[in-house]
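The values are calculated or read from the model by the stated rules, or taken from the named source; none is laboratory data. Because the structure is predicted, anything quoted here is derived from the model rather than measured. With ideal geometry, Cβ positions are generated from the backbone for all residues, glycine too; neighbour counts draw on all protein chains shown. Side chains included, ligands, DNA and RNA excluded: accessible areas come from the protein's heavy atoms. Shrake-Rupley method; radii C 1.70, N 1.55, O 1.52, S 1.80 Å.
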Amino acid sequence: QVQLVESGGGLVQPGGSLRLSCAASGFGFSWYTMAWYRQAPGKQRDLVAAVTDRGSTNYADSVKGRFTISRDNAKNTVNLQMNSLKPEDTAVYYCSVNYATRNYWGQGTQVTVSS
């Protein structure tokens, strides 16, 4: 079965950096677009960044120039490097894949940006 396991969240000061990782299993990872979403308290879950099977990327306007998504098909992992973090980046971050017409989600990892 599809499994997505995120890691790397935590508490960081404004201007700091974090690197999130998502380990995927149960499907042909290299063939699928992988994405990171985030959800702040009381808000909807929004797309942060995505990377296609061919390595093309897209980002939410709010994170362009600060976040970088990457994938390692040999390790079945997708990463999100987050730099210049702001308090408004505070949220639970989820790894996601659309496989067999269904969206799968990891359990999420909390990112808190605060001084």
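Values computed for the structure shown
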{"item": "The stretch 62-115 and the stretch 28-53: distance between their alpha carbon centers, rounded to Å", "result": "7"}
{"item": "Diffusion constant of the chain at 37 °C, which comes from Stokes-Einstein with the Kirkwood Cα-pair radius and 0.692 mPa s, µm²/s", "result": "234"}
{"item": "Among 47-59, 71-83, the order from most to least packed when residues are scored by Cβ within 10 Å on average", "result": "71-83, 47-59"}
{"item": "R0 of 25 Å, Cβ-Cβ distance Q81-R54: FRET efficiency to nearest 0.05", "result": "0.80"}
{"item": "Fraction of accessible area attributable to carbon and sulfur, the chain (%, probe 1.4 Å)", "result": "46"}
{"item": "Given charges at beta-carbon only (K, R positive; D, E negative), |dipole| of the chain in Debye", "result": "60"}
{"item": "Straight-distance crosslink candidates among aspartates and glutamates, where the alpha carbon sits under 18 Å from K86 and sequence neighbours closer than 8 are dropped", "result": "D46, D61"}
{"item": "Peptides 5-12, 33-40 ordered by average Cβ neighbours within 10 Å, highest first", "result": "33-40, 5-12"}
{"item": "The chain - accessible surface per residue (Å², probe 1.4 Å)", "result": "54"}
{"item": "Bins of 5 Å, starting at 0 and running to the largest distance - Cα pair percent for the stretch 59-109", "result": "4, 15, 22, 27, 19, 10, 3, 0"}
{"item": "Environment charge at Q81 (Cβ cut-off 10 Å; Lys +1, Arg +1, Asp -1, Glu -1)", "result": "+2"}
